[in-house]
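**Student:** Next up is a structure, given as structure tokens.
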Amino acid sequence: MGLRALSFILVLLLFLNPFFFNSKVVEKKPRIFFLLDNSESMGISKGEYDGLNSYRATISQLGVQSFETADIDYFTLGAKTTQIADPDSISALESETNFINAINQLQELEDDYDAAVIISDGIITFGRNPSIQVAESTIPIYTISLGDSNSVKDVTINNVISNPTGYTDSRHVVEVELSQTGYPGETTTVSIYNQQNEILGEEEITFQAYEEVRSIEFQIPLDEAGLQQFNIYTEPLEEEWTEENNTNLFSIDVLDSKTNILHVAFEIHPDVKTVRSILQEDETVELTTLTWLNGTRFIETLSTDNIDFDLVIYHGHPNRILNVQLLQNLESLPAVYFQLPGSRRSQNPFLSNSLIRNTGTQVFPLMINPGVGNTDHPIMELPEINFNTIANISTSLRTVLFEADAIPLYTGNFQGMETPNPLIAVLERGNLRQVEVAAWGLYKLYQSPNEEEREYITQLISNMVIWASNDPDNRRLKVSPSKSLYNVSEEIIINANLNNESGEPESDASIDIVIESDASEQQSYNMQNLGSGAYKLELNSLSPGRYSYTASARKGNRQIDEQVGEFIIENSNSELINTIRNDALLANIANETVGRSYNFTAINSFWDDLREDNVLETKQELVEAYQFPVRSIFWFIVLLTLLASEWLIRKYYALP
């Protein structure tokens with residue numbers, strides 16, 4: 001009975017979940033966040049700064065590796081911020097200096113640190129200026145400036161502005177931003193070359209001032225489809241500090257051709273002119289028009305033997321007796337259909353699978369009202385606009401969605417009240433896409449004195465045309481590099497998504513990828529399986545050049561799909577554009593956080609100053625500990641022992 005009672009008492013106590021508490025005070029060293037600039041500009045020897053030699057001498061003079069008063073964690077400042085174990089691993093090879101990214105990471109971890117130290121030249125080559133962001137820091141930031149603050153005679157290609165996408169048989173605009181210091185009255189030649197080293201254009205410029213920024217525009221022909229690489233080169237001048245920033249590589253993804261669109265109008269209406277004007281201003285569109293007169297006659301002529309359109313736009317529809325072979329041949333193409341007053345009255349939709357039907361007989365002025373968010377459909381990625389002030393459009397108050405799987409993008413707003421009537425709907429069925437606009441009067445927005453309204457309707461019509469004319473991507477394997485143009489020091493990331501033949505994510509396959517250089521050198525890799533049909537390949541670096549890849553997805557002996565693509569590796573000169581140490585930025589970061597700034601030639605008082613600022617004080621921390629018996633296996637074993645002993649005694653002594 002005693003054993004049984006002890007067992008029940010122990011179970012009761014464990015159910016009550018008691019705990020034991022103790023605490024003690026421990027001495028804790030301060031922790032310091034060291035941010036070490038690892039960008040290419042840190043390795044440049046200029047003036048009193050001797051590149052990596054001066055950098056390593058500064059770290060050695062600080063004695064951070066043998067400093068025992070504080071715990072120091074090291075992080076790199078470059079294209080990304082990464083924790084490292086040893087400051088000796090700094091190589092000064094990263095192609096960017098992203099201060100704002102490093103400051104954000106510091107602020108995420110600042111609760112764990114008592115101070116931060118930034119060792120850098122303060123030159124930003126990517127991202128925003130961090131001066132405003134550091135004002136929110138709760139710990140002091142100390143800065144040590146490396147590099148040289150003197151200007152030199154130099155000509156630099158600062159930036160190349162170009163649309164990353166181009167089209168064959170067109171001329172592509174490329175704007176080059178050039179800066180120079182120390183060459184007033186001097187003349188240089190700026191040239192642009194293709195990847196076959198053929199010159200595509202050149203221009204001579206004469207500098208007027210001691211310091212100057214010039215902009216030059218080239219129009220280059222695009223003849224071959226694919227990812228094309230181009231080179232901007234500036235002739236070096238006498239006594240120029242470096243020629244490495246006199247060249248700049250960039251790439252253009254040249255698409256095979258323009259989008260061929262046929263616009264068929266069955267009524268005379270301002271909306272027809274609006275749509276045609278928007279499309280004619282788009283250099284990516286090859287527009288063909290047909291305007292119906294009567295019977296089977298059109299103003300323009302079009303051969304039925306040569307129909308190669310990506311999209312057909314119908315404005316209105318003919319009467320029911322029209323029978324034109326040309327229109328019948330277009331029924332299998334993607335379409336955008338705009339209703340017009342005559343189309344509404346006839347109530348005999350031209351398209352066999354009309355999305356929206358007008359069932360009312362009266363026409364009312366309505367305001368368009370988005371029915372979905374701007375991220376719910378590609379067509380809805382539009383600029384912000386005040387829908388309460390835009391011009392009204394016209395339609396009936398009785399419009400119904402005729403296709404159950406169509407998606408209504410816009411509804412009508414009548415006298416301030418939202419209606420469920422769809423005005424614009426889309427449908428994707430198999431490889432065919434369709435858009436229908438069940439209202440007219442869009443020209444009022446296009447002719448509005450409000451620039452935002454004009455931009456909105458222009459973008460809306462362009463989005464509808466782009467979405468409808470592009471075939472849905474039904475590939476089972478989709479492979480895409482994170483960028484089409486990498487720097488030689490950047491990590492190369494290639495992502496892939498794989499679906500099986502049933503359209504479901506395939507997580508049990510293997511994806512082999514073969515990467516081939518311009519010199520026909522091949523390397524094979526196996527992509528990492530991330531689960532849920534996602535795969536990834538990470539490569540540390542490759543030599544400059546153009547690379548093609550072939551990815552093959554297999555499951556067992558079955559090949560699911562295969563995809564090909566391209567990317568380019570280039571040498572970057574962004575870290576060589578500006579080599580003047582930015583003392584003002586580093587001093588501002590220190591002042592905003594109640595820290596201090598130093599020059600690398602005067603850091604003898606660095607640790608003494610931190611002691612004076614109470615950063616290196618050892619802190620006492622109360623450590624609390626809680627012990628819960630219910631979480632210990634010991635009491636479980638004790639309970640089993642009590643119950644087993646009770647059972648054995650009762651069986652062998654009590655029962656007989």
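The values are calculated or read from the model by the stated rules, or taken from the named source; none is laboratory data. Quick caveat, the model's predicted, so the values are computed rather than measured. We place every Cβ from the backbone using ideal geometry, glycine too, and count neighbours over all the protein chains shown. Ligands, DNA and RNA are excluded from the accessible area calculation, which covers all protein heavy atoms including side chains. Shrake-Rupley method; radii C 1.70, N 1.55, O 1.52, S 1.80 Å.
**Student:** Suppose we keep only residues that are polar (S, T, N, Q) and at pLDDT 90 or above within segment 173-193. Which one would you say is farthest from I568 (Cα to Cα)? Before the answer, list the steps.
**Tutor:** We begin by selecting, within segment 173-193, every residue polar (S, T, N, Q); these are 179-181, 187-189, 191.
Remaining after also requiring at pLDDT 90 or above: 187-189, 191.
Details: T187: 32, T188: 29, T189: 26, S191: 21 Å.
Among those that are polar (S, T, N, Q) and at pLDDT 90 or above, it is T187.
**Student:** Right, something else. Within segment 164-214, can you find the residues that are under 23 Å from E239 (Cα atoms), open to solvent by 30 Å² or more (accessible area, probe 1.4 Å), of a type outside the set (A, V, I, L, M, F, W, C) and within 32 Å of the chain's Cα centre (by Cα)?
**Tutor:** Residues satisfying the conditions are E177, R214.
**Student:** If A404 meets every condition in (1) farther than 15 Å from S354 by Cα; (2) assigned to a loop (DSSP other than H, G, I, E, B); (3) without any contact (Cβ under 8 Å) to a residue 60 or more places away in the chain apart from one, which number is that one?
**Tutor:** For A404, the exception is condition (1).
**Student:** Every residue in segment 31-56 that is surrounded by fewer than 16 Cβ atoms within 10 Å (Cβ to Cβ), touching a residue at least 40 places away in the same chain (Cβ under 8 Å) and either part of a helix (DSSP H, G or I) or in contact with a His (Cβ under 9 Å, 6 or more places away or on another chain) (or both), please.
**Tutor:** Residue satisfying the conditions is L52 alone.
**Student:** Do the conditions hold for N604, that is, is it within 26 Å of L93 (Cα to Cα), open to solvent by 20 Å² or more (accessible area, probe 1.4 Å), modelled with pLDDT of 90 or more and not hydroxyl-bearing (S, T, Y)? Before the answer, list the steps.
**Tutor:** Working: within 26 Å of L93 (Cα to Cα): no; open to solvent by 20 Å² or more (accessible area, probe 1.4 Å): yes; modelled with pLDDT of 90 or more: yes; not hydroxyl-bearing (S, T, Y): yes.
It is false that N604 is within 26 Å of L93 (Cα to Cα), open to solvent by 20 Å² or more (accessible area, probe 1.4 Å), modelled with pLDDT of 90 or more and not hydroxyl-bearing (S, T, Y).
**Student:** Between a residue in segment 133-147 that is closer than 9 Å to G595 by Cβ and any residue that is open to solvent by 10 Å² or more (accessible area, probe 1.4 Å) and of a type in the set (K, R), which pairs come within a Cβ distance under 6 Å, given they are 6 or more apart or on different chains?
**Tutor:** From residues that are closer than 9 Å to G595 by Cβ, the pairs are Y142/R596.
**Student:** Of all residues in segment 518-545, which are of a type outside the set (D, E, K, R), closer than 28 Å to F230 by Cβ and in a loop (DSSP other than H, G, I, E, B)?
**Tutor:** Within segment 518-545, the subset of a type outside the set (D, E, K, R) is 519-520, 522-535, 537, 539-545.
Checking which are closer than 28 Å to F230 by Cβ leaves us with 519-520, 522-523, 537, 539-545.
The answer is A519, S520, N540, S541, L542, S543, P544.
**Student:** All but one of (1) open to solvent by 30 Å² or more (accessible area, probe 1.4 Å); (2) on the phi < 0 side of the Ramachandran plot hold for L146, so report the exception by its number.
**Tutor:** Failing condition for L146: (1).
**Student:** Determine, yes or no, whether N260 is touching a strand residue (DSSP E or B) at 6+ places or on another chain (Cβ under 8 Å), in contact (Cβ under 8 Å) with a residue 12 or more places away in the chain, surrounded by 15 or more Cβ atoms within 10 Å (Cβ to Cβ) and more than 28 Å from V465 (Cβ to Cβ).
**Tutor:** Numbers: touching a strand residue (DSSP E or B) at 6+ places or on another chain (Cβ under 8 Å): yes; in contact (Cβ under 8 Å) with a residue 12 or more places away in the chain: yes; surrounded by 15 or more Cβ atoms within 10 Å (Cβ to Cβ): yes; more than 28 Å from V465 (Cβ to Cβ): no.
No; evaluated as a whole, the condition is false for this residue.
**Student:** Open to solvent by 50 Å² or more (accessible area, probe 1.4 Å) and part of a strand (DSSP E or B): which single residue out of E418, E455, E436 fits that description? Show your work before the answer.
**Tutor:** Details: E455 fails: part of a strand (DSSP E or B); E436 fails: open to solvent by 50 Å² or more (accessible area, probe 1.4 Å).
Within the list E418, E455, E436, the selection yields E418.
**Student:** On the given criteria, is S548 part of a loop (DSSP other than H, G, I, E, B) and either touching a Leu at 6+ places or on another chain (Cβ under 8 Å) or closer than 30 Å to N163 by Cβ (or both)? Steps first, please.
**Tutor:** Details: part of a loop (DSSP other than H, G, I, E, B): no; either touching a Leu at 6+ places or on another chain (Cβ under 8 Å) or closer than 30 Å to N163 by Cβ (or both): yes.
When the stated conditions are applied, S548 does not pass them.
**Student:** Taking segment 468-478 on its own, how many of its residues are under 20 Å from the mean Cα position of the chain (by Cα) and either within 17 Å of L442 (Cβ to Cβ) or open to solvent by less than 20 Å² (accessible area, probe 1.4 Å) (or both)?
**Tutor:** 0
**Student:** Here is a check on your reading of the model: is A509 buried (at least 18 other Cβ atoms within 10 Å of the Cβ), among the hydrophobic types (A, V, I, L, M, F, W, C) and closer than 30 Å to V615 by Cα?
**Tutor:** Working: buried (at least 18 other Cβ atoms within 10 Å of the Cβ): yes; among the hydrophobic types (A, V, I, L, M, F, W, C): yes; closer than 30 Å to V615 by Cα: no.
For A509, the condition - buried (at least 18 other Cβ atoms within 10 Å of the Cβ), among the hydrophobic types (A, V, I, L, M, F, W, C) and closer than 30 Å to V615 by Cα - is not met.
**Student:** For segment 527-541, what are the residues that are over 21 Å from the mean Cα position of the chain (by Cα) and open to solvent by 90 Å² or more (accessible area, probe 1.4 Å)?
**Tutor:** Q528, S532
**Student:** Is it the case, given these coordinates, that I59 is touching a residue at least 24 places away in the same chain (Cβ under 8 Å) and either touching a helix residue (DSSP H, G or I) at 6+ places or on another chain (Cβ under 7 Å) or outside any strand (DSSP E or B) (or both)?
**Tutor:** Working: touching a residue at least 24 places away in the same chain (Cβ under 8 Å): yes; either touching a helix residue (DSSP H, G or I) at 6+ places or on another chain (Cβ under 7 Å) or outside any strand (DSSP E or B) (or both): yes.
Judged against the criteria, I59 is a match.
**Student:** Still on this structure, I have one more. For S66, state whether it is open to solvent by less than 20 Å² (accessible area, probe 1.4 Å) and out of contact with any strand residue (DSSP E or B) (no Cβ under 7 Å at 6 or more places or on another chain). Talk me through it step by step, then tell me what you get.
**Tutor:** Values: open to solvent by less than 20 Å² (accessible area, probe 1.4 Å): no; out of contact with any strand residue (DSSP E or B) (no Cβ under 7 Å at 6 or more places or on another chain): yes.
In short, no.
**Student:** Something else about it: Of the conditions (1) assigned to a loop (DSSP other than H, G, I, E, B); (2) surrounded by 19 or more Cβ atoms within 10 Å (Cβ to Cβ), Y486 fails just one. Which one is it?
**Tutor:** Unmet for Y486, out of (1) assigned to a loop (DSSP other than H, G, I, E, B); (2) surrounded by 19 or more Cβ atoms within 10 Å (Cβ to Cβ): (1).
**Student:** Going by the conditions given, is F567 surrounded by fewer than 17 Cβ atoms within 10 Å (Cβ to Cβ) and either in contact with a strand residue (DSSP E or B) (Cβ under 8 Å, 6 or more places away or on another chain) or not small (G, A, S) (or both)? Spell out the reasoning first.
**Tutor:** Working: surrounded by fewer than 17 Cβ atoms within 10 Å (Cβ to Cβ): no; either in contact with a strand residue (DSSP E or B) (Cβ under 8 Å, 6 or more places away or on another chain) or not small (G, A, S) (or both): yes.
Answer is no for this residue.
**Student:** Checking the condition out of contact with any Cys (no Cβ under 6 Å at 6 or more places or on another chain), crowded, with 16+ Cβ neighbours inside 10 Å, basic (K, R) and more than 18 Å from L35 (Cα to Cα), which residue from R611, R546, R554, R558 passes?
**Tutor:** On the way: R611 fails: crowded, with 16+ Cβ neighbours inside 10 Å; R554 fails: crowded, with 16+ Cβ neighbours inside 10 Å; R558 fails: crowded, with 16+ Cβ neighbours inside 10 Å.
Answer to the check: R546.
**Student:** Do we find that A644 is within 49 Å of the chain's Cα centre (by Cα) and either part of a strand (DSSP E or B) or hydrophobic (A, V, I, L, M, F, W, C) (or both) in this structure? If you could, list the steps in order and put the result at the bottom.
**Tutor:** Numbers: within 49 Å of the chain's Cα centre (by Cα): no; either part of a strand (DSSP E or B) or hydrophobic (A, V, I, L, M, F, W, C) (or both): yes.
It is false that A644 is within 49 Å of the chain's Cα centre (by Cα) and either part of a strand (DSSP E or B) or hydrophobic (A, V, I, L, M, F, W, C) (or both).
**Student:** Every residue in segment 379-406 that is in contact with a helix residue (DSSP H, G or I) (Cβ under 7 Å, 6 or more places away or on another chain) and open to solvent by 70 Å² or more (accessible area, probe 1.4 Å), please.
**Tutor:** E381
**Student:** Kindly indicate the residue of segment 69-93 that is under 16 Å from F606 (Cβ atoms) and in a loop (DSSP other than H, G, I, E, B) and also least open to solvent (accessible area, probe 1.4 Å) among those meeting that condition.
**Tutor:** So the residue we want is A70.
**Student:** Say we look at segment 215-246 and pick out the residues that are open to solvent by 50 Å² or more (accessible area, probe 1.4 Å) and farther than 17 Å from S151 by Cα; which of these is farthest from the chain's Cα centre (by Cα)?
**Tutor:** So in segment 215-246, the residues open to solvent by 50 Å² or more (accessible area, probe 1.4 Å) come out as 215, 217, 219, 223-224, 233, 235, 238-239, 241, 243-244.
So of that shortlist, the ones also farther than 17 Å from S151 by Cα come out as 215, 217, 219, 223-224, 233, 235.
Numbers: S215: 27, E217: 27, Q219: 28, D223: 29, E224: 27, Y233: 29, E235: 35 Å.
Ranking the qualifying residues of segment 215-246, first place goes to E235.
**Student:** Quick one: what pairs do we get from segment 17-30, first residue over 30 Å from I72 (Cβ atoms), second open to solvent by 100 Å² or more (accessible area, probe 1.4 Å) and assigned to a strand (DSSP E or B), C-beta under 6 Å, 6+ apart or different chains?
**Tutor:** So the pair list comes out as F19/Y626; F20/Q627; F21/Y626.
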